[in-house]
Amino acid sequence: MKKTLALVLALVMVFALAACGQSAAPAATTETAAPAAAPVAEDAELVGVAMPTKDLQRWNQDGENMKAMLEAAGYAVDLQFGANDIATQVSQIENMIANGCKVLVIASIDGDSLGTVLAQAKEAGIPVIAYDRLIMNSDAVSYYATFDNWLVGTTQGEFIRDALDLDNAEGPFNIEFITGDPGDNNINFFFDGAMSILQPYLDSGKLVCPSGQVEKAVVATANWATDAAQARFENILSSNYADGTQLDAVLASNDSTALGVENALESSYTGKWPVITGQDCDIAIMKNLIDGKQAMSVFKDTRTLAAKVVEMVDALMKGAEPPVNDTETYDNGTGVIPSFLCEPVACTVDNSQELLIASGYYTMDQIENG
């Protein structure tokens, strides 16, 4: 306990020093600070940006960052958030097409639900960049921009492997699993990547899942919702851990599901706190990361991805070939989509100041008050 308290106090001091060194940082908001938008000419070409929802912090960041960067590059932007409602997102994209958008950037709510509206885009000669979530079964998708999602999963799996010292410790260790929305193609990469590391230990008995819930379809979470994740884990805990059974690790594919797990543990679990993974470095989990209640989160700097998409849009507008670095991995059912993959990084309490504060991704105020 004393060591934990000392670590927390040390981190607070490090964060405070970082904040002092950034006195010129912008005032804190609930989102990552985006570049200041430049004035946009009245005749600027219009780019449509469709994000799935405002309910998750990262989509606000992605949308606003991209809008500001596109405007700084001289484009007008129609940014819309779909409220996690497919019909709403379809209507928004239809309006973008009707309003003369020259390029569409789309983070889909459901990757299989945009075929009809994107056929309209293709007929109108409008290139489509799938953003972060691959749009499936549509030959209208021109390019895909995302992070290396398989690497996200393997990073989480390797973290659990190393934290539990699975190659040397006797075990067995108890583990549970949770991933995201079944309509999001990324969960196939997140979950399967992690399981490529962890499955051999499940097969050997070094890892055991007391609930028996290990199938991707079973551990999926609609809309990546924290309350749904919490409800499921409350049931898992009451059914499998109420007798004092130790939970050693939870593979959570992102921070919103990890937070649901942590909320459930807070309410009913009395054992030693498990190793919990996550993704996105959401402000909502930063205190838990500092307090040791979440062991890691995979950091995906949305500024990097937004900047790359701006490069892709700019190339398309000028009749050039957009930058890609993967032409083999992402088949959406109509063929492999040329993609650009940015690299994610594991974030722990040890490197969070460097990744998040010193880089300007968050301010200290956001960390303390988020």
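Brief remarks on what is shown
- The condition of being of a type outside the set (D, E, K, R) and not assigned by TED's automatic domain parsing to the domain that holds residue 120 does not hold for residue 137.
- Restricting attention to the range 221-278, the residues that are among the charged types (D, E, K, R) and either touching a Cys at 6+ places or on another chain (Cβ under 6 Å) or not in a helix (DSSP H, G or I) (or both) add up to 3.
- Among the residues making up the range 266-289, those that are farther than 19 Å from residue 194 by Cβ, of a type outside the set (Asp, Glu) and out of contact with any Ser or Thr (no Cβ under 8 Å at 6 or more places or on another chain) are 267, 269, 270, 272, 273, 287, 288.
- Boolean, residue 291 is of a type in the set (Asp, Glu) and either buried (at least 21 other Cβ atoms within 10 Å of the Cβ) or modelled with pLDDT of 95 or more (or both): no
- So residue 53, is it at pLDDT below 50, surrounded by 15 or more Cβ atoms within 10 Å (Cβ to Cβ) and touching a Phe, Trp or Tyr at 6+ places or on another chain (Cβ under 8 Å): no
- Considering residues of the range 169-223 that are among the charged types (D, E, K, R) and more than 25 Å from residue 111 (Cβ to Cβ) only, the residue farthest from the chain's Cα centre (by Cα): 170
- Among (1) out of contact with any strand residue (DSSP E or B) (no Cβ under 8 Å at 6 or more places or on another chain); (2) touching a residue at least 60 places away in the same chain (Cβ under 8 Å); (3) farther than 23 Å from residue 197 by Cα - the single one residue 256 does not satisfy: (3)
- Pick from the range 175-222, criterion acidic (Asp, Glu) and surrounded by fewer than 16 Cβ atoms within 10 Å (Cβ to Cβ), ranking: nearest to residue 238 (Cα to Cα): 215
- Of the residues making up the range 168-208, just one is in contact with a strand residue (DSSP E or B) (Cβ under 6 Å, 6 or more places away or on another chain) and part of a loop (DSSP other than H, G, I, E, B), namely 172.
The values are calculated or read from the model by the stated rules, or taken from the named source; none is laboratory data. Because the structure is a prediction, the values reported are computed rather than measured. Cβ: placed from backbone, ideal geometry, glycine included. Neighbour counts: every protein chain shown.
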